[in-house]
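The structure appears below as structure tokens.
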Amino acid sequence: MTLTIRVIAPDRMVWNAEAEEVVLPSSTGQLGILKGHIPLLTALDIGVMRVRINKDWIPIVLLGGFAEVENDKITILVNGAEEVSEINFQEAKKNLETATSILKTAENNKEKIEATQQIRKARARLQAIGTQKD
């Protein structure tokens, strides 16, 4: 009894595997999907998707997109995605500090929006690394 989960970014297939459960960072909050879920189309936010295979949870950073759930198949189209093995903790921490500093000194809405997006990406990366260590 499994779900088929595919995560597709513009440049590659990020994930294509079977799992028992997935938790998605939807634009309205965390969304858990199990076998037999009703059909659904939802927008995804920047955040960490968690996939449960057996008893292990695998985090993947999603950089926004959409997910479709139908007949125990989940297709996730994202702007970008990163597996934990691709993330450098020190770099993510530095990016968070830099973006936070830029946000504090931002002079217009464009700078504020860009800095906020960078903060959200850095936090998602750090959350995924922390989730993996648990």
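What follows is calculated from the coordinates using simple rules that are stated; it is not laboratory data. Small disclaimer: the values here were computed from a predicted structure and weren't measured. No Cβ is skipped: glycine too gets one built from the backbone with ideal geometry, and neighbour counts run over all protein chains shown.
For this structure, a couple of remarks:
- Once the gyration tensor of the Cα atoms in region 5-81 is diagonalised, the equivalent ellipsoid follows with semi-axes of 16, 14, 12 Å, ordered largest first.
- Among ARG52, ARG120, ARG12, the largest mean-square fluctuation in a Gaussian network model of the chain, built with springs joining Cα atoms closer than 10 Å, belongs to ARG12.
- Principal-axis tilt of helix 89-105 within the chain, Cα atoms, nearest 10 degrees: 50 degrees
- Each 5 Å bin, from zero up to the one with the longest distance, holds this percent of the alpha carbon pairs of the chain: 2, 11, 19, 21, 19, 13, 7, 5, 2, 1, 0.
- Distance from the Cα centroid of region 87-114 to that of region 41-62 is 24 Å (rounded to whole angstrom).
- Note on LYS73: lysines with a C-alpha under 25 Å away, same-chain residues under 8 apart excluded, are LYS35, LYS55.
- Residue order, fewest to most beta carbons within 10 Å, for LYS55, LYS121: LYS55, LYS121
- Folded to 0 to 90 degrees: helix 109-133 orientation relative to the chain principal axis, Cα: 50 degrees
- Calculated diffusion of region 39-81, Stokes-Einstein form, Kirkwood radius summed over Cα pairs, 20 °C and 1.002 mPa s, µm²/s: 195 µm²/s
- Reachable lysines from LYS110, criterion Cα separation under 20 angstrom, eight or more residues apart if same chain: LYS121
- Residue among ASN71, ASN95, ASN109 with the largest mean-square fluctuation in a Gaussian network model of the chain, springs linking Cα atoms under 10 Å: ASN109
- For region 85-133, the percent of C-alpha pairs falling in each 10 Å distance bin, counted from 0 to the bin holding the largest distance, reads 30, 47, 20, 4.
- With each label modelled as a point 7 angstrom along the Cα→C-beta vector, the GLU20-THR100 pair spans 3.7 nm.
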